[in-house]
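Reading through the structure tokens given below for one structure.
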């Protein structure tokens, strides 16, 4: 992980997912010690929260767009 990682709130969805994958690979490979693993876990939790935030916003936007377009309704 970088010395001063970007704030998860500033990351695009794809960047957050990529960093999560990297963290998982490092932990699975045993590349980091216990303290680093705990730090990575905290970082991963923040990244997951960011991903959920983005997905929720997209779902809300899609739902709103669907509600605004009754042409698809029977």
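Please compute the contact order of segment 8-68 in relative form: average sequence separation of alpha-carbon pairs under 8 Å and at least six residues apart, divided by the residue count, as a percent. The partial results should precede the final answer.
Working: 23 pairs, mean separation 29.6, N = 61.
Relative contact order here is 48 percent.
Can you give the FRET efficiency for residue 42 and residue 13, using 1/(1 + (r/R0)^6), R0 = 22 Å, r = Cβ-Cβ distance, to the nearest 0.05? Could the numbers behind the result be given before it?
Values: r = 20 Å, r/R0 = 0.90.
In this case the efficiency is close to 0.65.
Helix 34-68 sits at what angle to the longest principal axis of the chain, using alpha carbons and giving 0 to 90 degrees rounded to 10?
Orientation of helix 34-68: about 10 degrees from the principal axis.
Post the alpha-carbon centroid distance, segment 47-65 to segment 22-38, in whole angstrom.
Their Cα centres are 28 Å away from one another.
I'm spelling it out carefully: the read-out is mean projected area of the Cα convex hull in nm², the candidates are (i) 6.4; (ii) 6.0; (iii) 10.7, and one was derived from this structure. Which label?
The calculated read-out lines up with (i).
Using alpha carbons only, how many degrees (0 to 90, rounded to 10) separate the axis of helix 13-28 from the longest principal axis of the chain?
Around 30 degrees separate the two axes.
Could you line up 20, 62 from fewest to most neighbouring Cβ atoms inside 10 Å? Write out the running numbers ahead of the final one.
Working: 20 18, 62 10.
Starting with the residue having the fewest Cβ neighbours, the order is 62, 20.
Only the coordinates and a few stated rules stand behind these numbers; no lab work does. Nothing here was measured: the structure is a model prediction, and the numbers come from that model. Heads up, the Cβs are rebuilt from the backbone with ideal geometry, glycines too, and the neighbour counts pull from every protein chain shown.
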